[in-house]
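Inspection log for the structure reproduced underneath, given as structure tokens.
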2 protein chains.
Amino acid sequence: MKILVDITLKIGVLDPQGKAIQHALGALGFAGVDGVRQGKVIELDLTETDRAAAETTARAMCEKLLANTVIENYEIRSA
Amino acid sequence: MKILVDITLKIGVLDPQGKAIQHALGALGFAGVDGVRQGKVIELDLTETDRAAAETTARAMCEKLLANTVIENYEIRSA
């Protein structure tokens with residue numbers, strides 16, 4: 001089954017990519033952009049068919065490899 | 001209001017980052033990973049308060065800047 005993981009920087013962690021996008025949007029004439037943050041989305045295709053088990057596996061993957069939990073939050077959602 | 005944009009590579013476009021993650025998960029002992037794709041998630045904080053208008057703006061931003069529509073799909077969702 002497909003599991004999606006959103007990995008975003010924690011609040012307070014500087015996000016230069018987000019700032020660059022915000023600046024570029026302003027230069028293109030888009031007004032009213034108060035903030036932009038960029039994160040990652042990882043789509044996992046697992047052979048596991050049980051949703052709860054697949055999410056538990058995805059959580060372990062996040063803790064061990066996918067996310068740097070010092071500066072990043074992760075959120076697991078179903079595809 | 002907050003708008004989230006998922007930007008993912010189209011099917012058929014090579015994703016070396018995803019392959020690297022898949023390989024690393026295997027090396028860490030995670031079995032049953034059939035595929036991994038990595039994309040971006042962009043969180044826009046817009047002054048616009050009307051949902052439909054904000055999503056229309058986000059769509060225009062995707063077409064003009066955020067996504068490379070030749071190789072990437074984008075999907076707009078609410079935070």
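Summary table below
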| item | result |
| --- | --- |
| Three principal axis lengths of the protein assembly as shown [C-alpha, angstrom, descending] | 48, 35, 25 |
| Sum of -39500 (n - 2.57) over DSSP H runs of 4+, divided by residues of the protein assembly as shown (222 nm, nearest 500) | -9000 deg cm²/dmol |
| Carbon/sulfur fraction of accessible area - the protein assembly as shown, other protein chains in place, 1.4 Å, % | 53 |
| Cβ-vector label at 7 Å, B:Thr56, separations to other copies in nm | 4.8 |
| Residue-count net charge about A:Phe30 - beta-carbon cut-off 11 Å; Lys, Arg +1, Asp, Glu -1 | 0 |
| Other protein chain Cβ atoms within 10 Å, averaged over every residue that makes up B:43-53 | 4 |
| Radius ratio Rg over Rh of segment A:2-78, counting only Cα atoms, Kirkwood formula for Rh | 1.11 |
| Average accessible surface area per residue within the protein assembly as shown, 1.4 Å rolling probe, Å² | 54 |
| Cut-off 18 Å, label 7 Å out along Cα→Cβ of B:Ala24, residues of segment A:2-19 by amide N | A:4-10 |
| Shielding by partners, peptide B:13-19 (average Cβ within 10 angstrom, other chains) | 1 |
| Sequence of B:Lys10, A:Lys64, B:Lys2 from largest to smallest accessible area, 1.4 Å probe | A:Lys64, B:Lys2, B:Lys10 |
| Other-copy label distances relative to B:Arg77, 7 angstrom Cα-Cβ extension, nm | 0.3 |
| Euclidean distance of C-alpha centroids, segment A:28-46 and segment B:22-79, integer Å | 6 |
| Interface burial for B against A (accessible surface, 1.4 Å probe, total of both chains, Å², rounded to 100) | 2600 |
| Exercise: per-residue mean of other protein chain Cβ atoms within 10 Å, A:25-38 | 5 |
| Electrostatic dipole magnitude of the protein assembly as shown [Cβ: Lys, Arg +1; Asp, Glu -1; Cα centre; debye, to 20] | 220 |
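The values are calculated or read from the model by the stated rules, or taken from the named source; none is laboratory data. Since we're looking at a predicted model, the values are computed, not measured. Note that each Cβ is placed from the backbone with ideal geometry, even for glycine, and that neighbours are counted across all protein chains shown. We work out accessible area using only protein heavy atoms, side chains counted, and drop any ligands, DNA or RNA first. Shrake-Rupley method; radii C 1.70, N 1.55, O 1.52, S 1.80 Å.
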